[in-house]
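J.: Following this message is one structure expressed as structure tokens.
The values are calculated or read from the model by the stated rules, or taken from the named source; none is laboratory data. Just so we're clear, the structure is a prediction, and the values are computed from it rather than from any experiment. All Cβ positions, even for glycine, are placed from backbone atoms using ideal geometry, and neighbour counts span all protein chains on display. In case anyone asks, the SASA skips ligands and DNA or RNA and just uses the protein heavy atoms, side chains included. Shrake-Rupley method; radii C 1.70, N 1.55, O 1.52, S 1.80 Å.
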Amino acid sequence: MVNFVAIQKPLLHGLMKMAGVRQYTVEIEPGTIMSFWVPSEIVKRKPKKGEYLCPPDVEKPSKPAVVLVHGFAAEGVVTWQFQVGALTKKYAVYVPDLIFFGGSMSTRDERSPAFQAECLVMGLRKLGVEKCTVVGFSYGGMVAFKMSELYPDFVQGMVISGSILAMTDSLSQDTLHDLGFSSSSELLLPTNPKGLKALQSVAMYRKFWFPDRFHKDFLEVMFTNRKERAELLEGLIVSNKDATIPCFSQRIHLLWGEKDQIFKVELAQEMKEQLGENATVEGIRKAGHLAHLERPCIYNRRLKRFLASLHEKGAKN
């Protein structure tokens, strides 16, 4: 039987190519590979079938690098399909699939956001990126925070949407209780259309109807590597006593759906106070957790405004 989500992927990939990015695989280390959508102009020689894109085949980007890091329910270009084309004129856009999403895999046992951050930075460096701005959504926001903490000279700035610094055990319990779920896996790793509809319901401000067939097909295509992803969710949780707030030198813009039910806008306000004067917060009306998909024009306009201010300041310095 035809999977309607699967047959739409070539169309989406075609649109990404028209926007100026191409998909390649990078070997991070033996046993670990990562899929990236990268600017077409940086690739000097396309690798042959079975080969990985590596440093001799790429050159440094001529435009400021922007890295779009996806959340837990979909891979890179599905998450950022409305942002890529809006950014490629002025920025070198990189869209990774985190480990155990899309074509990215690893034989290593690590499952923490720090592991994802390490792999992502290693891959970007192999692609010629020396500095970048990271845009992280939900799970990808936690990876972005960890990238900035561990590699402060590599990350120039951050835009974070619907995410937090770290998922403490108490915050995890409170969030799940408020949403009516018993575990992170029940929320983020649905096994049937009913579960996916429940996730969609809490993630979106607008209520859209999709047939069960679409939900079934989406589950089949997007929710692979379930065992490893369940382990990633376990690796997110940190004890309250171990939770710390790093001192970030980068500018951080918290761009939030005002109706986010998963990480409410009040959490963003609290996080801004914790992060200090380098942090700003901006809400998007009539948008939930998926603000970048629900209100892409407004999201893109505000994202580009922050990026422009960041790089104008950098040019003056």
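J.: Counting only pairs 8 or more places apart or on different chains, how many lysine pairs in segment 122-270 have C-alpha atoms closer than 22 Å?
T.: The number of close lysine pairs in segment 122-270 is 16.
J.: Charges on Cβ only, +1 for Lys and Arg, -1 for Asp and Glu, centred on the Cα centroid of the chain; of Leu87, Trp256, Val281, which one is farthest towards the dipole's positive end?
T.: It is Leu87.
J.: Once you put a point 7 Å from the Cα of Glu220 and another 7 Å from the Cα of Lys131, both along the Cβ direction, what distance in nm separates them?
T.: Computed distance between label sites Glu220 and Lys131 equals 4.8 nm.
J.: Grab the beta carbon distance between Asp153 and Gln173, set R0 = 51 Å, and tell me the FRET efficiency rounded to 0.05.
T.: Calculated transfer efficiency: 0.90.
J.: Now, a different point. With a 1.4 Å probe and all protein chains kept in place, how do Thr88, Thr280 rank by accessible area, largest first?
T.: Solvent-accessible surface, decreasing: Thr280, Thr88.
J.: If you don't mind, another one. For the modelled label position 7 Å from the Cα of Ser112 along Cα-to-Cβ, which residues of segment 142-169 have backbone nitrogen atoms closer than 18 Å?
T.: Hits in segment 142-169 for Ser112 at 18 Å: 142-152, 164-169.
J.: Any idea what log10 I(q)/I(0) is at q = 0.16, 0.21, 0.22, 0.24 Å⁻¹ for segment 149-215, Debye with uniform C-alpha scatterers and no solvent?
T.: The Cα Debye sum returns log10 ratios of -0.72, -0.96, -1.00, -1.09.
J.: Rounding to the nearest 20 debye, state how big the charge dipole of the chain is about its Cα centre with +1 on each Lys and Arg Cβ and -1 on each Asp and Glu Cβ.
T.: Once rounded to the nearest 20, the dipole reads 1500 debye.
J.: By the gyration tensor of its Cα atoms, with a ≥ b ≥ c the square roots of the eigenvalues, what is the shape of the chain: rounded for a/c under 1.5, prolate for a/b over b/c, or oblate?
T.: Rounded, because the longest to shortest axis ratio a/c is under 1.5.
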